[in-house]
Every structure is written in structure tokens, then in C-alpha cells.
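The values are calculated or read from the model by the stated rules, or taken from the named source; none is laboratory data. Predicted model only: the values in this text are computed from it and were never measured. With ideal geometry, Cβ positions are generated from the backbone for all residues, glycine too; neighbour counts draw on all protein chains shown. The protein model used for the area step is the full one, side chains on, heavy atoms only, and it has no ligands, DNA or RNA in it. Shrake-Rupley method; radii C 1.70, N 1.55, O 1.52, S 1.80 Å.
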Amino acid sequence: MSRHGINLHNDHQPEWNQCREPEMSVHQSVLADFAAVVSAAQTLVLETASRAIAERGTFRLALSGGSTPKALYEQLATSEADWANWQIFWGDERYVPNDHPDSNERMARQAWLDQVPIPAEQIHPLPTQSADPWQDAAIAETDLRRAFQVQEPDWPVFDLVLLGLGDDGHTASLFPGTAALEEQSRLVTVGDRGGQPRLTFTAPLINQARTVVFLVSGAVKQEALKRALAATGDSQQTPARLIQPVAGQLYWLLDRDAAVLL
């Protein structure tokens with residue numbers, strides 16, 4: 001058991017290094033390899049879920065795309081959990097049909113969700129059907145408020161948001177130098193990667209979460225990770241720096257290859 005109450009069932013037990021105070025708690029762990037990152041994330045998700053269900057009766061989780069989350073989802077598919085009380089959302093989505101090979105929803109369903117008994121009405125993909133990403137972003141915001149039963153100006157509060165880090169410093173679909181970084185009032189906005197729209201949670205929505213977890217693996221992430229964790233820096237260049245939970249826990253699960261420059 002770590003000093004932050006995370007029981008890791010693998011051979012690479014990390015030390016959670018608390019980095020910042022006081023509003024949020026930041027925990028940084030450098031693990032041996034990709035497999036250790038996935039195992040630590042699995043344990044963190046399952047323990048957070050158990051605690052949320054015990055305290056509030058449900059566990060609300062926002063998913064990420066990418067190869068590291070996919071490996072996590074494959075592990076969760078073999079896990080035992082109180083699936084009936086899980087609520088699944090996506091933090092961002094490529095603006096493609098949900099059966100497209102690039103769809104984050106499709107990936108998560110194939111790797112995990114189709115294999116566990118989470119009720120269908122508790123799985124909340126981002127809509128990409130209207131041929132107008134801004135219209136779908138508005139629909140997504142309405143759906144979120146309905147699912148959380150919150151009205152403006154209150155914010156939905158996720159129990160856990162999973163995030164990755166791009167080699168350009170982006171997270172979710174918040175890309176360097178784009179208008180989505182400036183959004184302060186919407187829950188969901190339209191991200192832009194090279195002229196291709198994506199739906200994405202806004203930084204203020206992510207920052208309401210009780211727990212945010214970055215999963216970062218591979219040498220290609222070294223420079224972006226160094227910028228993201230530096231004491232000072234430009235969030236327009238490295239949007240991951242925008243993620244500062246208001247009063248929650250922020251975890252960085254890193255493998256050694258990614259953390260070389262820290």
C-alpha cells in the first residue's frame with residue numbers, strides 16, 4: 001500500500017511523489033515500463049471506482065483514446081468490478097462515425113466495453129452524426145448536464161478522467177495554438193488538428209474532476225513531458241499544462257523512457 005492509499009498488484013510498485021499544494025494534490029510516478037504503467041492505471045481506476053460507488057453510488061469515468069489507454073481497457077475487460085454502477089463517457093472524439101477505425105468509441109468498445117455488463121444506457125459516447133461538429137458539441141453538453149443532473153452555472157464533476165499526452169504537448173483534443181484552449185464556459189467544444197475537427201472536453205470541465213490521470217509512455221514523449229511538468233511554461237505551446245484540477249488529485253503515470261528528461 002502506498003502512502004496515498006493505492007494498492008498496486010504488480011512487481012513495479014511506484015512511489016507517489018506529491019509535487020504541488022495546496023488546492024490540488026499532484027502525484028508523479030516513474031514506472032519501469034509500459035506494462036507497469038498499464039498495471040498501475042488499472043489498479044488506480046478500479047480502486048477509485050470502488051470508492052466512488054461506496055460514497056456516491058456510481059462511478060463516472062471519462063475515457064481517452066490512444067495505445068496506452070487501449071492496453072488499459074484490455075486489462076479492465078478481464079477485471080472484476082461492480083459494472084452495474086459505472087457510467088462511461090469520452091473526453092474527446094475524432095469527428096468520424098462511431099464505426100470508423102479511428103473512432104475512440106469503437107476502440108474502447110472492442111477492447112473492453114463490449115465484454116463487460118455495463119448497462120447500455122450508462123455508456124455515453126460523444127455524438128458525431130449531425131455533419132456539424134458545433135451542433136454535436138452542443139448536443140454533447142446537453143447530454144452531459146442531463147446525465148449528471150446539473151444545470152448552469154454548475155459543472156459536472158467526474159470521478160476520474162483519463163488523459164494522454166501527445167508529442168506536441170496536446171491532451172484530449174486540446175491542440176497547441178487553437179481556439180479550444182481559450183474556452184472557459186462550455187463543457188464541450190470543437191478541437192482542430194490540421195483542419196480536422198474533433199469534439200473535446202474543455203480544460204475547465206476536466207479540471208472539475210475528483211481525479212485526473214495522465215498515462216505517458218515512450219521516448220517520443222520526452223520533450224513534451226518536460227514542458228508539461230516544468231515549473232513555468234506556455235500552455236498555448238503545451239496545452240497539457242492547462243490541466244490543473246480545482247480541488248482534485250492529479251496523477252502522472254510515466255514509464256522510464258518518457259521520463260528521461262525529468
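Go through the range 12-61 and count every residue that is touching a His at 6+ places or on another chain (Cβ under 8 Å), part of a loop (DSSP other than H, G, I, E, B) and either modelled with pLDDT under 95 or surrounded by 17 or more Cβ atoms within 10 Å (Cβ to Cβ) (or both).
Residues that pass the stated criteria total 2.
Find all pairs meeting these conditions: Cβ atoms under 7 angstrom apart; at least six residues apart or on different chains; first residue within the range 213-224 and within 18 Å of ALA172 (Cα to Cα) and open to solvent by 10 Å² or more (accessible area, probe 1.4 Å); second residue aromatic (Phe, Trp, Tyr) and assigned to a helix (DSSP H, G or I).
Pairs that qualify, where the first residue is within 18 Å of ALA172 (Cα to Cα) and open to solvent by 10 Å² or more (accessible area, probe 1.4 Å) and the partner is aromatic (Phe, Trp, Tyr) and assigned to a helix (DSSP H, G or I), are SER217/PHE34.
In the range 168-194, which residues are open to solvent by 10 Å² or more (accessible area, probe 1.4 Å) and in a strand (DSSP E or B)?
Within the range 168-194, VAL190, ASP192, ARG193 meet the criteria.
Out of GLN151, GLN122, GLN135, GLN115, I need the residue that is out of contact with any helix residue (DSSP H, G or I) (no Cβ under 6 Å at 6 or more places or on another chain), touching a residue at least 12 places away in the same chain (Cβ under 8 Å) and surrounded by fewer than 15 Cβ atoms within 10 Å (Cβ to Cβ). Which one?
Among GLN151, GLN122, GLN135, GLN115, only GLN115 is out of contact with any helix residue (DSSP H, G or I) (no Cβ under 6 Å at 6 or more places or on another chain), touching a residue at least 12 places away in the same chain (Cβ under 8 Å) and surrounded by fewer than 15 Cβ atoms within 10 Å (Cβ to Cβ).
Looking at the range 208-228 only, could you name the residues that are under 12 Å from ASP167 (Cβ atoms) and either of a type in the set (Lys, Arg) or assigned to a helix (DSSP H, G or I) (or both)?
If the condition is that a residue be under 12 Å from ASP167 (Cβ atoms) and either of a type in the set (Lys, Arg) or assigned to a helix (DSSP H, G or I) (or both), then ALA219, VAL220, LYS221, GLN222, GLU223, ALA224, LEU225, LYS226, ARG227, ALA228 are the ones that fit.
Every residue, every condition in (1) over 18 Å from the mean Cα position of the chain (by Cα); (2) under 20 Å from LEU63 (Cα atoms); (3) of a type outside the set (A, V, I, L, M), yes or no:
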position	(1), (2), (3)
ALA138	yes, yes, no
GLU141	no, yes, yes
ARG193	yes, yes, yes
THR202	no, yes, yes
LEU205	no, yes, no
LYS226	yes, no, yes
GLY233	yes, no, yes
